[in-house]
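Notes follow once the structure below has been shown.
The values are calculated or read from the model by the stated rules, or taken from the named source; none is laboratory data. Keep in mind that what you see is a predicted model, and the values were worked out from it rather than measured. Here the Cβ positions follow ideal geometry from the backbone for every residue, glycine too, while neighbour counts run over all protein chains shown.
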Amino acid sequence: MAAETASFINWGLLALSPPGWGGVLLWGFLNSLQIAIGGYCLGLILGVGGASGKLYGGPVTRDLLACYTTVVRAVPELVLIVLLYYAGTDAINALLRLAGLGTVDISGLTAGILVIGIVQGAYSTEVLRGAIKAVPVGQIEAARAYGMSPWKVMRRVTLPAMLPHAIPGLSNLWLIATKDTALLAVVGFSELTLVTRQAAGTTKAYILFFCAAGVLYLALTLVSNVIIKIIERRSRRGFAEVI
């Protein structure tokens, strides 16, 4: 028992030393964070465009966006990630060849951001669409009566007014994005889950390294919750407190 405890402590010291596996885990964690931030921001951009198209677009636009959100939300995210990662890269290179251009080697980071962003965009579309519909119609009509263009109405009235309704859903999507980065391990991208599995497989200290990865994910979630509460409190200034 004492020998097992000593071995566990030795592996812990090795993992925490900067040149050892601890540095590799931190590097994987930073990769996961980059993909989560990039994919989430891309998803927000797609979500704003998708929500606007569903609410104010023509019949064709609404139908196309409905297909997009339905397919993405219906197919398991792991299947989507594998499909978009490989088929998307092949499709881009095929289009470049048809245009007479050479193929490109898309980096794992770029591909990961695009994949997570497309998945997040479908969910963001529905969250933002619901939040926009929660804005009182009178506020939008008043802005139009003042002669504001549709873009000004969206920027100055609709988006600020819908933010308090959207933050709970968007905060959940951010936390989901941080977890979805772990699915990129199946396509060989060196994010936190993959490097944790490599470290555990090499050292056989499975409990140590997977617990360390869990602590990193937990720390990210706790910090995110603090930031989300600050943003939510600021966005709800002037609203009646809900008890």
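Here are the numbers for the structure shown:
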quantity: Counted residues, the range 31-77 - those being of a type in the set (Gly, Ala, Ser) and over 24 Å from Thr158 (Cβ atoms); calculated: 5
quantity: Of residues in the range 177-223 being in a helix (DSSP H, G or I) and among the charged types (D, E, K, R), the one surrounded by the most Cβ atoms within 10 Å (Cβ to Cβ); calculated: Asp180
quantity: Residue among Gly130, Gly108 that alone is small (Gly, Ala, Ser), out of contact with any helix residue (DSSP H, G or I) (no Cβ under 6 Å at 6 or more places or on another chain) and closer than 18 Å to Leu46 by Cα; calculated: Gly130
quantity: Residue list for the range 56-88, filter: modelled with pLDDT under 85, surrounded by 12 or more Cβ atoms within 10 Å (Cβ to Cβ) and more than 20 Å from the chain's Cα centre (by Cα); calculated: Tyr56, Gly57
quantity: Residue in the range 88-123 that is nearest to Trp174 (Cα to Cα), counting only those that are assigned to a loop (DSSP other than H, G, I, E, B) and not polar (S, T, N, Q); calculated: Ile106
quantity: Failed condition for Ala134, given (1) touching a residue at least 60 places away in the same chain (Cβ under 8 Å); (2) over 29 Å from Tyr86 (Cα atoms); (3) among the small types (Gly, Ala, Ser); calculated: (1)
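Residues checked against (1) in a helix (DSSP H, G or I); (2) surrounded by 14 or more Cβ atoms within 10 Å (Cβ to Cβ); (3) not small (Gly, Ala, Ser):
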site	(1), (2), (3)
Arg129	yes, yes, yes
Ile140	yes, yes, yes
Met148	no, yes, yes
Val153	yes, yes, yes
Pro160	yes, no, yes
Leu163	yes, yes, yes
